[in-house]
Amino acid sequence: AFAPAHLGPCKERRQCPFPQARTPRLTMWKIFPFLALMAGVDAMRVGMSPRVAPRSAVRMGLQFDESAISNDPNAGNYRRLSDSLREADLERKREANEAEAIMRAEEEKRERRRKKIETMNAIPDNTPAGRVGDFMYRDGVTEVLDELDHDMIGLIPVKQRVRDIASLLVIDKMRRKLGLDTSIPSLHMCFTGAPGTGKTTVAMRMGQILQRMGYCRHGGVVVATRDDLVGQYVGHTAPKTKEMIKKAFGGILLIDEAYYLYNAANDKDYGQESIEILLNVMEQQKDDLIVVLAGYKDRMDKFFSYIPGMSSRIGNHIDFPNYEPDELVEIAKVMARDLEYAFTEEALYVLRDYIAKRMELPFFSNARTVRNAIDRARMRQANRLFEEKISPHSNGMVSPQELQIFEAVDMPTAQELIERGDTAIVE
């Protein structure tokens, strides 16, 4: 301690006659309130900016480090008050916009209803909706139905069901013309029957009808199986299923042998994921996609027992019966006509016997079996003409009629099937 300069140094502090000259002990608990007060004043002076460190804090070596806060594991437990207020305001605006959108939709619905009532009241009672034939011919529906009758033999119940659906679409379009209430019917279908009964062909014809009536954009048919829809590992099924759905959008997705999508023996089978995606699309996007399931009737019934939600979403269950032998002969004539061939009477007789015997053997596929028989007849006819025209007794000339006629010797026979045995695998 030091005394005033004119008195000289003080030898002992306790004997110093000038208490005001003593140096007090500056402990931290005494000066901290003062420093905190000065820091508050400086913070008020700079506008309480969190990014500007107070001068007193700088003098004390205190810095605001945002990186330290961001690395704090509890950083998500606190945030700025301004951010919370801003998010709350956005949430209130979002809720207000949603409520306003709902009210606007209800108002538009009431307005459409009011205009429809006014339109109906303004239409005289004797005003015709139009001629059914005009709608059928103008939209090309009659043409498609005629092609179905011309190209497909038999299948009377199937053709009648197709006509029922086409009639519903025509009448629905006439109702819309007058402003009557209409709703898009459930056009999802299930085709059950043996192979070769025309399920894919009918699906293509239905696509053309729906496209011409305005229910499909292009009316194309995309055929898919389990391998096209179900993946081999986790996360693979959903992209594959969605890709096939994307390809079929605006048309028809035909799933052949659909019962293979579900494997009841394996709870971890990925087919269940594909089925769930299909169910959602069939319900939510039925205006953009029509799903047709195809397969054997008994297996499809078992499949629907496992997936009841699938059956309830399908409004048209159509069963394709097996063809009779005479109907298959007529189908053979149609196939030959499309290829610019013709049968002799003897050839048709041989073909009918072959078909009748072939129906008793396994792996019979109706029209596909007939197509295979015609392919073998073409090869035999070609070999017969080749051998005849290269023989020394022939001039080698082939007439147009010879190129278009199937002889009896060209056809596969029932005797060939008998020689192979009932258990032999045949074409």
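With a/c under 1.5 counting as rounded, go ahead and sort the range 334-427 into rounded, prolate or oblate using the C-alpha gyration tensor (a ≥ b ≥ c being the square roots of the eigenvalues; past the cut-off, prolate if a/b is larger than b/c, else oblate). It is prolate, given that a/c is not under 1.5 and a/b is the larger ratio. Applying 0.36 nm per residue to the separation of E106 and E276 and subtracting their alpha-carbon distance, the gain on full extension is 58.0 nm. Note on R113 and L339: with the Förster distance fixed at 45 Å, the Cβ-Cβ geometry gives a FRET efficiency of about 0.20. In this structure, K247 and S84 have a Cβ-Cβ separation that, at R0 = 45 Å, corresponds to a calculated FRET efficiency of about 0.45. In this structure the amide hydrogen of D269, modeled in the peptide plane, comes within under 5 Å of no amide hydrogen from residues 5 or more places off or on another chain. Within a straight-line Cα-Cα reach of under 29 Å, K389 can be paired with the following lysines, leaving aside sequence neighbours fewer than 8 residues apart in one chain: K333. What a 1.4 Å probe finds exposed on the range 219-287 is 45% carbon and sulfur by accessible area, rounded to a whole percent. Under a 5 Å amide H cut-off, with hydrogens placed 1.01 Å from N, C190 pairs with L293, N316, H317, I318 among residues at least 5 apart or on other chains. Within a Cβ distance under 14 Å of L229, other residues only, what is the Lys/Arg minus Asp/Glu net charge? Taking every other residue near L229 into account, the sum is -3. In this structure the range 199-244 gives 47 Å² per residue of accessible area when probed at 1.4 Å with all protein chains present.
Taking a ≥ b ≥ c as the square roots of the Cα gyration tensor eigenvalues, the range 148-191 comes out prolate, since a/c reaches at least 1.5 and a/b is larger than b/c. Based on Cα contacts under 8 Å between residues 6+ apart, the range 207-294 shows a relative contact order of 33 percent. Summarising the amide proton neighbourhood of K286: residues at separation of 5 or more, or on other chains, whose placed amide H is nearer than 5 Å comprise an empty set. Remark: the Cα gyration tensor places the range 240-329 in the oblate category, a/c being 1.5 or greater and a/b not exceeding b/c.
The chymotrypsin sites (Phe, Trp or Tyr not before Pro) of the range 321-396 that meet both conditions, a loop assignment by DSSP and at most 14 other Cβ atoms within 10 Å of the site Cβ, are F363. For the range 374-392, the residues whose amide N sits under 11 Å from a probe point set 7 Å from the Cα of E416 along the beta carbon direction are 374-381. Counting only lysines at least 8 places from K173 when in the same chain, those with an alpha carbon closer than 24 Å to its own are K109, K115, K116, K159, K286.
The loop-placed trypsin sites (Lys or Arg not before Pro) in the range 192-272, going by DSSP, that have at most 12 neighbouring Cβ atoms within 10 Å of their Cβ come out as R217, K268. Between E95 and R217, full extension at 0.36 nm per residue minus the direct alpha carbon distance yields a gain of 40.3 nm. R176 exposes around 110 Å² of accessible area when a 1.4 Å probe is run over every protein chain in place.
The values are calculated or read from the model by the stated rules, or taken from the named source; none is laboratory data. Keep in mind the model is a prediction, meaning the values are calculated, not measured. Every residue, glycine among them, receives a Cβ derived from its backbone with ideal geometry; neighbour counts consider all protein chains shown. Accessible surface areas use protein heavy atoms only, side chains included; no ligands, DNA or RNA. Shrake-Rupley method; radii C 1.70, N 1.55, O 1.52, S 1.80 Å.
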